[in-house]
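One structure below.
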Amino acid sequence: MIEYVQSALLIISAILIIISAIGLISLSNSTKNVVYARIHIVGVFDIACIIALIGLGQYLLAGIYFIIAPFTAHAIANAYWKKEDRENNSDLVTVEVEPDYDNPFIHPKDKFGSLETEESGKLKADDRFSVTTLEIDEGE
Amino acid sequence: MDILFIAKFILVIALIIMMLAALRASAYKSTSMGLLGSSVVVVAFAMLLLVGGDIYDLGFFKDISLALILFGFIGTVAFAAVLGGDDK
């Protein structure tokens with residue numbers, strides 16, 4: 001009976017390991033935050049290893065690995081965030097604040113800046129504005 | 001054939017596939033991906049040693065795999081600490 005439980009645990013862990021291997025290489029490099037996603041996928045592999053260790057009867061190793069696996073994932077993610085991610089993507093550090101368009105005293109730069117095109121700078125001040133007049137026929 | 005024996009071999013095949021996938025992942029452009037891939041390869045190799053030691057009934061494989069898991073963890077965390085640098 002124990003043999004069947006052990007082999008079931010080993011086969012479950014083998015399936016999980018194959019799923020995580022497929023996920024690890026099938027993620028596209030153009031995906032946003034792909035390194036964090038891959039660290040997340042390796043978490044599945046870690047748990048599969050713990051299940052396999054329990055299936056093999058190595059309970060002490062399973063307990064040790066259960067404790068140290070999150071530390072490894074956090075260390076890699078923290079290092080990536082502190083150096084590569086924050087330096088290569090500087091927009092991550094700045095916080096975008098949504099302007100309040102309903103407030104009559106706030107005139108967002110992007111909204112009114114888009115009214116002027118590049119060509120409008122070359123024109124004279126008189127050409128920028130056109131005055132429409134009504135033609136009144138006095139004969140009517 | 002014993003079902004436990006077959007399950008162990010299936011696990012060995014899965015671990016080899018994972019090692020190859022981790023090697024491919026470690027070749028991606030980010031340094032952190034290399035760190036991640038190498039840590040996965042170390043753990044997968046430790047697991048392979050454990051399963052191999054279980055199949056062929058060799059005792060010292062457990063000690064080697066325990067050392068690999070522990071020192072792999074220490075090396076990964078140390079490299080990550082150096083890569084991250086000091087807090088600004």
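Couple of notes before you dig in:
- Condition met for B:SER26 (at pLDDT 90 or above, within 17 Å of A:VAL35 (Cβ to Cβ) and polar (S, T, N, Q)): no
- In the range B:23-38, the residue that is surrounded by the fewest Cβ atoms within 10 Å (Cβ to Cβ) out of those that are of a type in the set (Gly, Ala, Ser) and facing another protein chain (nearest Cβ under 7 Å) is B:SER30.
- Residue within the range A:20-35 that is part of a helix (DSSP H, G or I) and over 20 Å from B:VAL42 (Cα atoms) present: yes
- Taken over the range A:60-76, residues that are more than 8 Å from chain B (Cβ to nearest Cβ) and either under 19 Å from the mean Cα position of the chain (by Cα) or of a type in the set (Asp, Glu) (or both) amount to 2.
- Some residue of the range A:43-59 being among the aliphatic types (A, V, I, L, M), at the interface with chain B (Cβ under 9 Å from one of its Cβ atoms) and surrounded by fewer than 21 Cβ atoms within 10 Å (Cβ to Cβ): no
- Scanning the range B:9-21 for residues that are at the interface with chain A (Cβ under 7 Å from one of its Cβ atoms) and either surrounded by fewer than 24 Cβ atoms within 10 Å (Cβ to Cβ) or small (Gly, Ala, Ser) (or both) gives B:ILE10, B:ALA14, B:ILE17, B:ALA21.
- Pick from the range A:2-30, criterion loosely packed, with under 11 Cβ neighbours inside 10 Å and under 28 Å from the mean Cα position of the chain (by Cα), ranking: nearest to the other protein chains (Cβ to nearest Cβ): A:ASN29
- For the range A:46-69, the criterion of a residue being touching a Ser or Thr at 6+ places or on another chain (Cβ under 9 Å), aromatic (Phe, Trp, Tyr) and either at pLDDT 90 or above or outside any helix (DSSP H, G or I) (or both) is satisfied by no position.
The values are calculated or read from the model by the stated rules, or taken from the named source; none is laboratory data. Since the model is a prediction, treat every value here as computed from it, not as a measurement. Counting neighbours? That spans all protein chains shown, and the Cβs are built from the backbone with ideal geometry, glycine included.
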